[in-house]
Amino acid sequence: MVVFTSTLSGMDEDEYQARSAELIADVERQPGFVRRMSMRDPVTREGITLAWFTGDDAVRAWKRHARHAEAQRRGRESFYDAYHLTVAEIIRDYGWSRHAGQ
């Protein structure tokens, strides 16, 4: 699992949105990708993205993906004031839903 937290700078917002949409499409086609979820506070511009992969090899392959590498560079140049990335191993994963199976 990858946990990516960030604070947007507010610079180049249109380009950020376009690149973000491209990266979402790319990661969803990436071998080993399982799922993702993101949220961002519109006031503080702080956000978090969680991405699940089948293992560390898949995470490393995504890190090396050409468009992702270019987006990382642009993120440091202008999109973000700050970011933090954690790659973690999931020990246990379970849940419940009132609406499961309906």
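Structural remarks
- MRE, 222 nm, helices only [DSSP H, n ≥ 4, -39500 (n - 2.57), over the chain, to nearest 500]: -10500 deg cm²/dmol
- Volume per residue for the chain equals 134 cubic angstrom (convex hull of Cα atoms).
- Summary of packing: across the peptides 34-40, 92-98, 76-82, the per-residue average of other C-beta atoms within 10 Å ranks them, highest first, as 76-82, 34-40, 92-98.
- Packing-based ranking, highest mean first, of 16-22, 2-8 given that Cβ atoms within 10 Å are counted: 2-8, 16-22
No value in this document is a laboratory result; all are computed from the given coordinates. As the structure is a prediction and not an experimental result, all values here were calculated from the model. Reconstructed Cβ throughout: ideal geometry from the backbone, glycine too, with neighbour counts over all protein chains shown.
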